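Data first, discussion second: the structure below is written as structure tokens.
The values are calculated or read from the model by the stated rules, or taken from the named source; none is laboratory data. All values derive from a computational prediction rather than experimental measurement. Glycine also receives a Cβ, built like all others from the backbone with ideal geometry; neighbour counts cover every protein chain displayed.
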Amino acid sequence: MVKETVTDSLPTASFSETLSFLFKVMAPNIAKGVIVRRPGVVHFAERWALDKRSVKQVQAFSNKYGKGPLLFKTPFKPMALVLDPDDANRVMEETPEPFATAETAKQSALSHFEPDMALISHGKARKERRRLNDDVLQSGCPMHSFSAHFTQVAEEEVDALLKTVYHHNHQLDWPLFFDAWNRIVRRVVLGDAVRDDYSLTQELIQLRKAANWGFMHPKRKRLRQKFHDRLAHYVEQAEPNSLAAKLSDYAPQGQAKPLDQIPQWLFAFEPAGMATFRALALLCAHPAQNELAQKEVDKNPQPQPDNPFLKACVLEALRLWPTTPLILRETTERTCWSQGEMPTNTTLLIHAPYFHRDDRLLDVANRFAPNIWLDPEQLKHWPLLPFSGGPGICPGRHIVLLVTSAVLASLMKSHQYSLDPPDRLKGDEPMPALLSNFHLCFRVKHTDSPSNQTDSAL
Ligand code: HEM
């Protein structure tokens, strides 16, 4: 889409700047694992604040080149880094034409386990697949029609988890949490009968490990077929109150490929678990916000699907530590920008941590400030993109916030948490550039008499 009659070419990075970009911005994200995280590398990145360096690098580009986008001439294909908030919003809004979601690198990774998923499709196929996702996940609706059931699933699984925690020296670590989390995910997506199908999750993890390598790893066709057949079996059985049940009610159109959308739902729930664990850590490190959260929990005798403050805490965990740090688009035609033209087939990169943590423009950039999510007007024009935005926005976002906040509410019902060690995250210091969920551990204490303060400070 040609917006202005500009004929100059966009600012282009020098060779040494291109190397800095590849080493400081791209390499750490690729090494951490784009499709499934590698805990050892995440730990290393946290220890050496690699994500802080990447934000600083993008800020340096913006200080030098202004609005950008900044072009990089790489050996593979042209890449452009979005530097200006308005441009980031434009790219989101003008998806999928001329900014396609089906970007080449993303396609080569995701096609390992979901080759016909909406995100890596284009044209008519994308339209039909996106519509299917919107309908089944009820993307436009903050409360999915199965909200009550999903909340109950969260509560039951957290109860079972806490019983295990008692036999585990009252310590809650990532492996324990992740097992419980996956049981919730399987029940929400496929139904109660799939609760204990641990190997289904393991098969998907194996496929995702191959996907981390993109085109450099051969496709695991037999494993994918096995995984796909298992999904087909579960969808045929379509357990009530599951997303699979909604899917089987749906009358698919020509290229919608219903079954091929499910791996994304299972896979994308994993970062939601990471955000939940990080939100719990944030609350431990911030007593004032913890008190507000506890009041929200104590208002109801049972966990509820509607937890605005807890949802804001999860969103804030996703702002501070976005689980999709690089949002990729590919131009389908020549596009014009205030500083020049961009060729067709350019990969556009939106580096979420740069926009989320830009301390030049956002005063709360490095603080835990859940309140910013309670007044969306405040940040209307600022690109906070944990779920991307525009027509390509994550259609699962409301379900994510529902399940994550229900899990937090269930955890906090009659239980108090503290970080182990206590100085793992310090509320009076700027929030670190990365917080490894894999290396978080909590001490759990039962509180016999929950706070009986009823007046809400929210
Ligand atoms: C914390 C958890 C999650 C985060 C942060 C997240 C974030 C995102 C982001 C940033 C995108 C856009 C990616 C891009 O443009 O390249 C996306 C797409 C998508 N997400 Fe999520 N997501 C989460 C969980 C989920 C869940 C649980 C589901 C399903 C139940 C889901 C379903 C989808 C689908 C179907 C798309 C593709 C949309 C399209 O093709 O237009 N996501 N998500």
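If you go through region 94-139 and pick out every residue that is over 16 Å from residue 326 (Cα atoms) and not in a helix (DSSP H, G or I), you end up with 15. Of all residues in region 136-158, those that are more than 16 Å from residue 272 (Cβ to Cβ) have Cβ atoms under 7 Å from Cβ atoms of residues that are of a type in the set (Ser, Thr, Tyr), 6 or more apart or on another chain, in 136/250; 138/145; 155/410.
Contact annotation: residue pairs with Cβ atoms under 7 Å, 6 or more positions apart or on different chains, pairing a residue in region 383-402 that is closer than 15 Å to residue 319 by Cα and of a type in the set (A, V, I, L, M) with a partner that is near the ligand (Cβ under 7 Å from one of its atoms) and part of a strand (DSSP E or B), are 385/327. One residue is enough: does region 321-336 have a residue meeting the conditions at pLDDT 95 or above, in a helix (DSSP H, G or I) and closer than 26 Å to residue 393 by Cα? For region 321-336, residues at pLDDT 95 or above, in a helix (DSSP H, G or I) and closer than 26 Å to residue 393 by Cα: absent.
Out of 277, 269, 309, one residue alone is assigned to a helix (DSSP H, G or I), of a type in the set (Phe, Trp, Tyr), away from the ligand (no atom under 12 Å from the Cβ) and modelled with pLDDT of 95 or more. It is 309. Residue selection: residue 388 satisfies the criterion of being within 20 Å of the chain's Cα centre (by Cα) and either within 16 Å of the ligand (Cβ to nearest atom) or surrounded by fewer than 17 Cβ atoms within 10 Å (Cβ to Cβ) (or both). Just one of the listed residues (255, 294, 304) is of a type in the set (S, T, N, Q) and part of a helix (DSSP H, G or I), and it is 294. Out of region 342-385, which residues are more than 16 Å from the ligand (Cβ to nearest atom) and either outside any loop (DSSP other than H, G, I, E, B) or on the phi > 0 side of the Ramachandran plot (or both)? Hits for region 342-385 are 342, 345, 371, 372, 376, 377, 378, 379.
Among all positions in region 174-194, there is no residue which is of a type in the set (Gly, Ala, Ser), out of contact with any helix residue (DSSP H, G or I) (no Cβ under 6 Å at 6 or more places or on another chain) and exposed (fewer than 13 other Cβ atoms within 10 Å of the Cβ). Within region 34-64, the residues that satisfy the criterion of being under 12 Å from residue 432 (Cβ atoms) and free of Cβ contacts under 8 Å to residues at least 60 places away in the same chain are 47, 48. Remark: pairs (first residue in region 175-198, on the phi > 0 side of the Ramachandran plot; second residue surrounded by 24 or more Cβ atoms within 10 Å (Cβ to Cβ) and modelled with pLDDT of 95 or more; Cβ separation under 9 Å; 6+ apart in sequence or on different chains) = 191/242; 191/243; 191/244. Does residue 287 qualify as being more than 14 Å from the ligand (Cβ to nearest atom) and out of contact with any His (no Cβ under 9 Å at 6 or more places or on another chain)? Against the criterion (more than 14 Å from the ligand (Cβ to nearest atom) and out of contact with any His (no Cβ under 9 Å at 6 or more places or on another chain)), residue 287 qualifies. Here the condition is being under 12 Å from residue 17 (Cβ atoms) and of a type in the set (A, V, I, L, M); of 60, 80, it holds for 60 alone.
Table: residues versus (1) at pLDDT 95 or above; (2) part of a helix (DSSP H, G or I); (3) within 17 Å of residue 355 (Cβ to Cβ).
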{"site": "16", "(1), (2), (3)": "yes, yes, no"}
{"site": "21", "(1), (2), (3)": "yes, yes, yes"}
{"site": "31", "(1), (2), (3)": "yes, yes, no"}
{"site": "41", "(1), (2), (3)": "yes, yes, no"}
{"site": "46", "(1), (2), (3)": "yes, yes, no"}
{"site": "51", "(1), (2), (3)": "yes, yes, yes"}
{"site": "55", "(1), (2), (3)": "yes, yes, yes"}
{"site": "71", "(1), (2), (3)": "yes, no, no"}
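For residue 105, the requirement of being more than 24 Å from residue 336 (Cβ to Cβ) and within 14 Å of the ligand (Cβ to nearest atom) is met. Cβ-Cβ contacts under 7 Å between residues 6 or more apart (or on different chains), taken from a first residue in region 219-244 that is more than 17 Å from residue 198 (Cα to Cα) and within 16 Å of the ligand (Cβ to nearest atom) to a second residue that is modelled with pLDDT of 95 or more and of a type in the set (Val, Ile, Thr), are listed as 242/188; 242/189; 243/136; 243/188; 243/189; 244/189. Among the numbered criteria (1) away from the ligand (no atom under 12 Å from the Cβ); (2) under 20 Å from the mean Cα position of the chain (by Cα); (3) of a type in the set (A, V, I, L, M, F, W, C); (4) within 23 Å of residue 71 (Cα to Cα), which one does residue 81 miss? Only one criterion in (1) away from the ligand (no atom under 12 Å from the Cβ); (2) under 20 Å from the mean Cα position of the chain (by Cα); (3) of a type in the set (A, V, I, L, M, F, W, C); (4) within 23 Å of residue 71 (Cα to Cα) is unmet by residue 81, namely (2).
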